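Colleague: Let me begin by handing over the structure; questions about it come next.
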Amino acid sequence: MLKSILMKHLLSTLLTILSFSYSPGQENNQQAFKPFSLIILKPEKASIPDSLKIYADSIERKQAQKYLATIKSLEKLKESVNEEMKKAIELQILQVKSREEEAHTFKYYHSLAKQTLLELGFLFGSIHEQLNNSNKVNIFTGDVLDPSSVTTSDLKKLGKHYRVDYMAAFENVRTGSRNGVLTLKYTIKLYSRKEDKVILKKEIEGNALVENFTPLSDIYPPCGRHEYSINCDNYLECVFKSAIRFSTEELFKEIEKRQRN
């Protein structure tokens, strides 16, 4: 029981603080849902006015702080467990430290990929909780990909190279204004390797007032993630989180209906 609780704590810590990837467990109920894999390509750039760059710096600084907080949290947890669990935690610490460069090279627009992966993890994790708790297998394996590590941004080529079921990407990320309110626009694309084509291409627009905010539990009830608002520290972060929620919903709908039998 102690091992189970500690491992759940570790997973929750890594998902909530780092948001690097999410691979929730799922039940071996093939008739209910087919396992799948997804890679989200980080955007290479975003266009924002100079007046917002101070907020961009704040978002990037906070990500570096979260990386350090994760290591500190795991180090503290290690002090209160037995020797066997210490070894497991030490391995988790090494895995986190192996991504130090990624944490420190994080750009504010990378949050599009990271937060989307996290939100999809919560949604598909809720599907997992609905099913029988036996014969667990991974039904959702996800990660983000840095465009600097590949020679192409072609989703079809990347999907086939990495042998994943879906590839997602964000294009033409830029801020704007609607009725005097800051907005964020971009095009979300989703490629399906099975269908060998882009199955979703849609323009997304979020706003700093976070209008029409949809809780994750409304996108897929009963999602275990209970929200009443989007928490953000500045207008730029708010507009990013608003847009991300809209595109998360679009991605979820397209994937969910294909993975159900």
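The values are calculated or read from the model by the stated rules, or taken from the named source; none is laboratory data. Note that the structure is a prediction, hence the values are computed from the model and not measured. Virtual Cβ from ideal backbone geometry, glycine too; neighbours counted across all protein chains shown.
Colleague: Pairs, please: C-beta under 7 Å, at least 6 apart or cross-chain, first residue of a type in the set (S, T, N, Q) and in the range 73-93, second at pLDDT below 85 and surrounded by 10 or more Cβ atoms within 10 Å (Cβ to Cβ)?
Modeller: Here the result reads Ser73/Thr13; Gln92/Leu10, each pair linking the range 73-93 to a residue that is at pLDDT below 85 and surrounded by 10 or more Cβ atoms within 10 Å (Cβ to Cβ).
Colleague: While we're here: Go through the residues of the range 98-114 one by one and say whether even a single one is polar (S, T, N, Q), assigned to a helix (DSSP H, G or I) and without any contact (Cβ under 8 Å) to a residue 60 or more places away in the chain. Steps first, please.
Modeller: Keep residues of the range 98-114 that are polar (S, T, N, Q), which gives 98, 105, 111.
This time we only want the ones that are assigned to a helix (DSSP H, G or I), so: 111.
When the remaining residues are screened for being without any contact (Cβ under 8 Å) to a residue 60 or more places away in the chain, the result is none.
Scanning the range 98-114, I find no residue that is polar (S, T, N, Q), assigned to a helix (DSSP H, G or I) and without any contact (Cβ under 8 Å) to a residue 60 or more places away in the chain, so the answer is no.
Colleague: Suppose we filter the range 221-240 for residues that are buried (at least 20 other Cβ atoms within 10 Å of the Cβ) and either part of a helix (DSSP H, G or I) or more than 16 Å from the chain's Cα centre (by Cα) (or both); how many remain?
Modeller: Taking the range 221-240 first, the residues buried (at least 20 other Cβ atoms within 10 Å of the Cβ) are 223, 236-240.
Going one step further and asking which of them are either part of a helix (DSSP H, G or I) or more than 16 Å from the chain's Cα centre (by Cα) (or both), we end up with 236-240.
Number of matching residues: 5.
Colleague: Scan the range 35-56 and tell me whether some residue there is within 19 Å of Ser149 (Cβ to Cβ), in a helix (DSSP H, G or I) and of a type outside the set (Gly, Ala, Ser).
Modeller: No, that holds for no residue.
Colleague: Quickly run through the range 197-220 and pick out the residues that are at pLDDT below 90, surrounded by fewer than 15 Cβ atoms within 10 Å (Cβ to Cβ) and touching a strand residue (DSSP E or B) at 6+ places or on another chain (Cβ under 9 Å).
Modeller: Residue satisfying the conditions is Glu211 alone.
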